[in-house]
Amino acid sequence: MTTTQSGQMIYTNLDSFAGGRTTTANYQRTFRIMGEYKHYNGATYYSLYDGNGNWMGYLNSALGSESKEAQGVWMNYNANVLITASNAALYSSFFNMTRDTSSLYGGVYQVSGKYSHVNGTTYYSLYDGNRWLGYLASWATTPYMDYYDWTKPSQSKPYPDVNMYPNLSIEVDIAKQRVYIKNGSTNLYTMYASTGIDNSTPRGHFAIQTERGYSFYNANEGMGARYWTSFLDHGVYLFHSVPTDANGNYIVSQAKMLGKQPGSHGCVRLTIPDAQWINGLKSIFETDFKRHSEPRLPSTAQ
């Protein structure tokens, strides 16, 4: 049985209707039905077990869909995924492995639906265009977007502890639309960026300035941003987040340019957390960064 409704109770006792779990945490999971009760209230309750043989409780039969197979029921799911495992099994059925993902590794493929197997694994029905490839465990993939997520840090690793490095600088690569946090010639962290259209981002060596703030809005341009930090002309040229509108909402069409193409009027746009991190390093940027190696914006890619 695959649960199909969220927010419902899984009972541990049908006399008192005491609840132990809910379908919120177990939504679209598949369980084994090991017995049933026809309650005097007219409902049928299934006694459910997970794939490891643990009893889960009693669930109203109307809150799920039954399947005779261990993979549960088909669920519509449309997505693009990046294959991130090179040796995951690819199944032509749930009893027959056809091949592994060695030839698919690093590619982007389409998912048309999924099964939540009783063993706890979700399997995607994988396509390459119109060609069906088989069933693949979801853990072997990651969601693929044709844009970078501007709501998250650019990298999954922590931001560098700038107090640990003696020769820090910020390097903006206009050709690659990237910002590099460097210690000497060593890159510590890479950020997605969107610089100025029509080559409007200044080239040269500049020191991070004292001007910074939480947010601003430019009525003439019809947009603003958050976590701004000046690097030239005392508030004119900034590091800041992707743009916001007059109501403070992030402008998605502009944010999707991040890491892909220039979009600003000369400032350097960053993801929200990246901009916040730079904005929060006030003492470091105003002292050590100036003393050791000033932030620089090269005219050519490094």
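For region 137-147, the count of residues that are touching a helix residue (DSSP H, G or I) at 6+ places or on another chain (Cβ under 7 Å), of a type in the set (S, T, Y) and not in a strand (DSSP E or B) is zero. Within region 210-241, restricting attention to residues that are polar (S, T, N, Q) and surrounded by fewer than 19 Cβ atoms within 10 Å (Cβ to Cβ), the residue that is farthest from T271 (Cα to Cα) is N220.
Within the set Y40, Y49, the sole residue that is without any contact (Cβ under 8 Å) to a residue 24 or more places away in the chain, of a type outside the set (S, T, N, Q) and closer than 26 Å to N76 by Cα turns out to be Y49. Taking region 1-117 as the region of interest, the strands (runs of 3 or more DSSP E) fully inside it that hold 3 or more residues being modelled with pLDDT of 95 or more and of a type in the set (A, V, I, L, M, F, W, C) are 55-60. Looking at D128, D198, D146, just one residue is under 30 Å from N87 (Cα atoms) and exposed (fewer than 12 other Cβ atoms within 10 Å of the Cβ), and that residue is D146. When you look at Y227, is it assigned by TED's automatic domain parsing to the domain that holds I197, in contact with a helix residue (DSSP H, G or I) (Cβ under 9 Å, 6 or more places away or on another chain) and either modelled with pLDDT under 95 or aromatic (F, W, Y) (or both), yes or no? Here the answer is yes, as Y227 does meet what is asked.
The values are calculated or read from the model by the stated rules, or taken from the named source; none is laboratory data. Computed from a prediction, not measured in an experiment: that's the story for all the values here. Positions of Cβ are generated from backbone atoms using ideal geometry, with glycine treated the same way; all protein chains shown enter the neighbour counts.
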